[in-house]
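Reading through the structure tokens given below for one structure.
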Amino acid sequence: MKDILTPQELLELMRVLQGARKVVVCGHRGPDGDAMGSALGWAEYLKGLGKSVAIIMPTPCPDFLQWLPDSSTVIYYDHKPKLAQSLFESADLVCCLDFNALPRLQDMAPAVERSKAPRLMIDHHLDPDPAMAGFVISHPEMSSTCEIVFRLLYQFGGYEAMTANGAAALYCGMMTDTGGFTYASSNPEIYLIISLLLQKGIDKDKIYRNVYNNYSPSRLKLQGYILYEKLAFFADNRASLFTLTREELKRFRFIRGDAEGLVNIPLQVKGMRLSISLREDTERDLIRVSLRSVDDFPCNKMAEEFFNGGGHLNASGGTLPFPMAEAVKTAERAIEAYKDLL
Ligand code: 5GP
Ligand code: MN
């Protein structure tokens with residue numbers, strides 16, 4: 001397997017780690033499989049080096065990730081802001097995993113900014129904010145932050161000590177960020193990594209079921225409702241859009257994580273290049289936007305230009321600060337503006 005760090009970067013990272021006794025590992029708001037998995041995998045490695053490690057996420061992870069071993073040790077800023085603030089304050093290293101700019105932490109960003117500890121970014125999103133961390137390990141060409149963490153451990157000689165729990169966490173993030181290895185997953189080395197993770201005794205089929213076959217009956221009905229009643233097609237079926245209001249979410253007993261994956265479904269239509277979902281946030285007065293595409297359609301450009309967001313080429317998101325009717329108009333304008341690329 002190719003080394004991820006140059007010899008010089010390796011020395012520098014070793015210096016960063018050596019100087020740290022108390023480490024905080026954090027990920028983005030609404031942590032997904034990659035944010036949770038990479039944080040848990042990286043934390044296990046750091047603990048093995050004898051460090052005192054806390055994992056802090058801005059908001060809780062969805063129900064379908066609760067099975068992750070040791071996920072109960074993760075501290076959520078929303079629930080325990082005081083504890084989180086004191087951990088950031090007393091940390092001598094803050095590791096930022098799976099996000100490229102502090103605003104992705106929302107309410108937790110000031111606590112990280114106030115911390116005097118040096119910051120290490122490990123991430124695979126495009127356009128990392130260089131001011132966010134003193135030491136940046138950014139690899140947008142990689143499937144997931146979990147893949148980066150695995151490669152770091154491997155190069156550091158940390159593979160031996162990896163447990164089945166650490167391996168399950170890293171496998172989970174690689175799987176979820178590639179839609180079960182159906183996109184961003186053609187690098188042959190990914191399968192070398194999977195093989196090495198399997199050798200730790202993980203049950204990859206069970207991990208798949210834990211994540212993807214974990215729906216409540218009402219979540220499945222929500223899916224049916226969206227596809228039957230709410231999905232609109234544009235540009236000769238090359239783009240699609242659906243909306244979800246708070247009322248609808250309530251009707252289908254929406255819980256955290258239920259929206260996950262819905263936006264991918266319209267891409268099953270032949271020739272579909274872009275899928276957009278607009279969902280009213282359950283707590284704040286804003287619309288959460290998710291974009292998914294195939295091939296070279298740039299979701300991230302559209303998200304930046306129209307939805308105050310960003311992300312990857314084929315998976316991006318953002319927010320709109322106005323009512324649904326206006327959000328729909330914005331989405332329709334975005335589709336119109338990008339119709340030549342569809
Ligand atoms: P999702 O649709 O799953 O919420 O987000 C998909 C991807 O879009 C995320 O992995 C992240 O890279 C990006 N993303 C989502 N929301 C935002 C946002 O508000 N700002 C930025 N810059 N990126 C986002
Ligand atoms: Mn990721």
Taking into account only those residues within the range 91-100 that are in a loop (DSSP other than H, G, I, E, B) and within 16 Å of ligand 1 (Cβ to nearest atom), which is nearest to M142 (Cα to Cα)?
-> D98
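Conditions tested, residue by residue: (1) in contact with a Lys or Arg (Cβ under 7 Å, 6 or more places away or on another chain); (2) hydrophobic (A, V, I, L, M, F, W, C).
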| site | (1), (2) |
| --- | --- |
| F64 | no, yes |
| S71 | no, no |
| V74 | no, yes |
| D78 | no, no |
| K82 | no, no |
| C96 | yes, yes |
| R104 | yes, no |
| S138 | no, no |
Search the range 14-35 for residues that are closer than 11 Å to L65 by Cα and pair each with any residue that is of a type in the set (A, V, I, L, M) and more than 16 Å from ligand 2 (Cβ to nearest atom) when their beta-carbon atoms are under 9 Å apart and the residues are at least 6 apart or on different chains.
-> P31/V74
Among the candidates M57, M36, residue that is modelled with pLDDT of 95 or more, touching a Ser or Thr at 6+ places or on another chain (Cβ under 8 Å) and of a type in the set (A, V, I, L, M, F, W, C) | M36
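Results for (1) in the same structural domain as V25 (by TED's automatic domain parsing); (2) within 16 Å of ligand 2 (Cβ to nearest atom); (3) over 20 Å from the mean Cα position of the chain (by Cα); (4) surrounded by 17 or more Cβ atoms within 10 Å (Cβ to Cβ), shown as yes or no for each residue.
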{"position": "L102", "(1), (2), (3), (4)": "yes, no, no, yes"}
{"position": "K116", "(1), (2), (3), (4)": "yes, no, yes, no"}
{"position": "P130", "(1), (2), (3), (4)": "yes, no, no, no"}
{"position": "R151", "(1), (2), (3), (4)": "yes, yes, no, yes"}
Among the residues of the range 250-282, how many are surrounded by fewer than 17 Cβ atoms within 10 Å (Cβ to Cβ) and over 22 Å from L320 (Cα atoms)?
-> 6
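Can you confirm whether the range 178-189 contains a residue that is touching a residue at least 40 places away in the same chain (Cβ under 8 Å), assigned to a loop (DSSP other than H, G, I, E, B) and among the hydroxyl-bearing types (S, T, Y)? Spell out the reasoning first.
As a first pass, look at the range 178-189 and keep what is touching a residue at least 40 places away in the same chain (Cβ under 8 Å): 179, 183-185, 187, 189.
The next check asks that each one be assigned to a loop (DSSP other than H, G, I, E, B); those that pass are 179, 183-185, 187.
Now drop any that are not among the hydroxyl-bearing types (S, T, Y), which leaves 183, 185.
There is at least one residue in the range 178-189 that is touching a residue at least 40 places away in the same chain (Cβ under 8 Å), assigned to a loop (DSSP other than H, G, I, E, B) and among the hydroxyl-bearing types (S, T, Y).
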Of the residues that sit in the range 64-90 and are out of contact with any Asp or Glu (no Cβ under 9 Å at 6 or more places or on another chain) and either in a loop (DSSP other than H, G, I, E, B) or not assigned by TED's automatic domain parsing to the domain that holds S115 (or both), which one is farthest from R219 (Cα to Cα)?
-> K80
Failed condition for D70, given (1) in contact with a Gly (Cβ under 8 Å, 6 or more places away or on another chain); (2) closer than 24 Å to V211 by Cα, with all others met?
-> (1)
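Out of S71, S86, which single residue is more than 16 Å from ligand 1 (Cβ to nearest atom), surrounded by 15 or more Cβ atoms within 10 Å (Cβ to Cβ) and among the polar types (S, T, N, Q)? Steps first, please.
Details: S86 fails: surrounded by 15 or more Cβ atoms within 10 Å (Cβ to Cβ).
Within the list S71, S86, the selection yields S71.
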C61, sole failed condition from (1) farther than 30 Å from Y212 by Cα; (2) assigned to a loop (DSSP other than H, G, I, E, B) = (1)
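Working only within the range 150-177, note down all residues that are in a helix (DSSP H, G or I) and either within 16 Å of ligand 1 (Cβ to nearest atom) or without any contact (Cβ under 8 Å) to a residue 24 or more places away in the chain (or both).
Pass one, the range 150-177, residues in a helix (DSSP H, G or I): 150-156, 164-177.
Correct list: C172, G173, M174, M175, T176, D177.
Yes or no: S138 within 14 Å of ligand 2 (Cβ to nearest atom) and at pLDDT 95 or above? Step through it out loud before you land on a result.
Details: within 14 Å of ligand 2 (Cβ to nearest atom): yes; at pLDDT 95 or above: yes.
For S138, the condition - within 14 Å of ligand 2 (Cβ to nearest atom) and at pLDDT 95 or above - is met.
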Subset tally (residues that are assigned to a loop (DSSP other than H, G, I, E, B) and within 16 Å of ligand 2 (Cβ to nearest atom)) for the range 297-328 | 4
Is there any pair linking a residue in the range 215-232 that is of a type outside the set (S, T, Y) to one that is in a helix (DSSP H, G or I) and at pLDDT 95 or above, with Cβ under 7 Å and at least six apart or on different chains, and which?
-> Q223/L262; I226/L262; L227/I265; L231/P266
Output the number of the condition that G50 fails; it satisfies all remaining conditions of (1) in contact with a helix residue (DSSP H, G or I) (Cβ under 8 Å, 6 or more places away or on another chain); (2) in a loop (DSSP other than H, G, I, E, B).
-> (1)
Name the residues in the range 1-53 that are within 13 Å of ligand 2 (Cβ to nearest atom) and on the phi > 0 side of the Ramachandran plot, would you?
-> G30
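The values are calculated or read from the model by the stated rules, or taken from the named source; none is laboratory data. From a predicted model like this one, the values you see are computed outputs, not experimental measurements. As a convention, Cβ positions derive from the backbone with ideal geometry for all residues, glycine included, and neighbour counts pool all protein chains shown.
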